[in-house]
Each structure stands twice: as C-alpha cells, then as structure tokens.
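What follows is one structure encoded as structure tokens, with my remarks underneath.
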Amino acid sequence: CPRTGEAECYSTFVDYLDAVICDYHDVKNAAFKHPAPTFGDLEHLPFGNVDPT
C-alpha cells in the first residue's frame, strides 16, 4: 500500500490514493469513509482518568 510523507501529500493525490487503498483493503463500497478521529481526545481514550489530581 503506498505511503505518504505528510497529510498534504495525501490531499494532493487523494483520488489516486483512495482508489489504491480501497483496492488494497478490498473495500467495495465507494462511499466508505472513516469515522472522525478521536486520537488524543481524553474523553474517548480507554485509560480512564489519567490525571486524578
């Protein structure tokens, strides 16, 4: 699967990369979209209260 060095690279080649990624992962539904990311959002991480002070 191709890799991009930075987000701007993906944005530039989105049409090509989306087709390659869908083919690589055998995604048949062209309308498939990832959910909004929650990485870094402390409300959605499974660690509980990481700063109990």
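The values are calculated or read from the model by the stated rules, or taken from the named source; none is laboratory data. Since the structure is predicted, the reported quantities are computational estimates derived from the model, not experimental observations.
Across region 11-53, which residue is modelled with the highest pLDDT among those that are within 13 Å of the chain's Cα centre (by Cα) and of a type in the set (Phe, Trp, Tyr)? The extreme case among them is PHE32. Considering the conditions (1) at pLDDT 85 or above; (2) not in a loop (DSSP other than H, G, I, E, B), GLU8 is excluded by exactly one of them, (1).
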